[in-house]
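Following: one structure in structure tokens, then a few remarks.
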Amino acid sequence: MRKMIIDTDTASDDAVAIVMALQTPDIEVIGITVVAGNMPVKQASINARYSAQMCGKTPPVYDGIDTPFIRDPHRAYFFHGSDGMGEMKYPDPVQQPEAEHAVPALIRLIRANPGVELVTLGPLTNVAAALLQAPDIVPLVSRCVMMGGAACTVGNITPAAEFNIWCDPEAARIVFRSGLPVEMVGWELCRGEANLSDADMRYMKEQINTPLAHFSIDCNASAIRANRTWLGDPALPLPDPVAMAIAIDPTICTQSSLHYVDVECEGIFTRGMTVVDQLDVTHNPDDLAGSMWAVHRAKGKPWVRVCWAIDIPRWKSLLYKTVA
Ligand code: RIB
Ligand code: CA
């Protein structure tokens, strides 16, 4: 069994990603740690536990840090609805969160399960706090698949930044500099043909037609509406499920390369921008780029795996398989 920890700010796309992991037979989700982002931790925890309940599973859920390290919290009510789940008014889940806080839980679970795969679906506040407290966990994590950032492209919450990174850029910078084996899945990979089209959603509801298929679309009702009105896009973007698909089956990422990545924390227009050294220009002999990249070069060769393309049909068929 592959062991996985999911760190999530559970709203409706996280919910589908959690279902995908729990419905994959060879994956054991040994913990779900909750971070604030889309929702305050309290609501995100309810949403995570309800998603697990939909799968008939009770993975331990640990509530975590409810505000970014430095920045004011911003929630995504406009996109995911007031409850984060399309205002479906689901009943409260039976399962309660564990007493242990998410940060000590992350450290304990990683130390007890060397080789564990960590999938992050929200801001990096919990993960960064764990790294600051216990840098020894870095070599114990075999993969850190991160839904986050925008690799050399536009952002979704500002023209320069993707929401998870923008929420807590200081935390994200700590994670990208830590040496953790990050596989960066930017939001751009869920756009275009990777969106669930109306036909895809009809297929899920009418052909697959299982409770999980209906849940996956129903809880995204606000996201569908928001995407149509805000971006004029008649489809459903699922960034967290795309990242989870790559976590479950790495070959779904069809093009990737290793780079240094850092995060803009001082910019006004560029706060939270993921700066990918795509052309390896920070290696110039005179170090013209300045010492800001020395902290990366000191660790040796670039280690962050940036995903540039996915196999869209295989991403969708994996989603269909897990909800079927
Ligand atoms: O930018 C998309 C990301 O922000 C997704 O993880 C979504 O759930 C929100 O957290
Ligand atoms: Ca998320």
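The values are calculated or read from the model by the stated rules, or taken from the named source; none is laboratory data. Bear in mind that the values here come from a model prediction, so they are computed numbers and not experimental data. Cβ placement follows ideal geometry from the backbone for every residue including glycine, while neighbour counts extend to all protein chains displayed. Side chains included, ligands, DNA and RNA excluded: accessible areas come from the protein's heavy atoms. Shrake-Rupley method; radii C 1.70, N 1.55, O 1.52, S 1.80 Å.
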1.4 Å probe accessible area per residue over the chain, in Å²: 39
Cut-off 15 Å (backbone N to label point 7 Å along Cα→Cβ of Asp26), residues of region 59-76: none
For the chain, built as a Gaussian network whose Cα springs stay under 10 Å, the top-fluctuating residue of Pro241, Pro169, Pro68: Pro68
For Ser317, net neighbour charge (Lys/Arg +1, Asp/Glu -1) across residues whose Cβ lies under 13 Å away: 0
Accessible area of the chain belonging to carbon and sulfur atoms, whole % at 1.4 Å probe: 58
Under the Karplus curve 6.51 cos²θ - 1.76 cosθ + 1.60, θ = phi - 60°, whole-Hz ³J(HN,Hα) for region 257-271, x wherever Gly or Pro sits: 7, 8, 8, 6, 9, 10, 10, 6, 10, 9, x, 8, 7, 10, 3
Loop-exposed GluC sites (Glu not before Pro) per DSSP, neighbour cap 16 Cβ within 10 angstrom, longest uninterrupted part of the chain: 101-265
Computed E for Glu266/Val138 - FRET, C-beta separation, R0 25 angstrom, nearest 0.05: 0.45
Chymotrypsin sites (Phe, Trp or Tyr not before Pro) restricted to region 217-324 and DSSP loop, no more than 13 other C-beta within 10 Å: Phe269
Cut-off 14 Å between beta-carbons: net charge of the residues surrounding Asp233, Lys and Arg +1, Asp and Glu -1: -1
Cross-link partners of Lys57 among lysines (Cα-Cα below 30 Å; sequence separation of 8 or more within a chain): Lys3, Lys42, Lys89, Lys205, Lys316, Lys321
Stretchable slack from Ser257 to Glu98, in nm (0.36 nm times residue separation minus alpha-carbon distance): 53.4 nm
Projected area, mean over directions - region 41-157, Cα convex hull, nm²: 8.8
For the chain, convex hull of alpha carbons as volume per residue, Å³: 120
Computed P(r) (all Cα pairs; region 204-272; 5 Å bins; percent): 3, 12, 11, 14, 19, 17, 12, 6, 3, 1
Radius 11 Å from Cβ of Ile30, net charge of other residues (Lys, Arg +1; Asp, Glu -1): +1
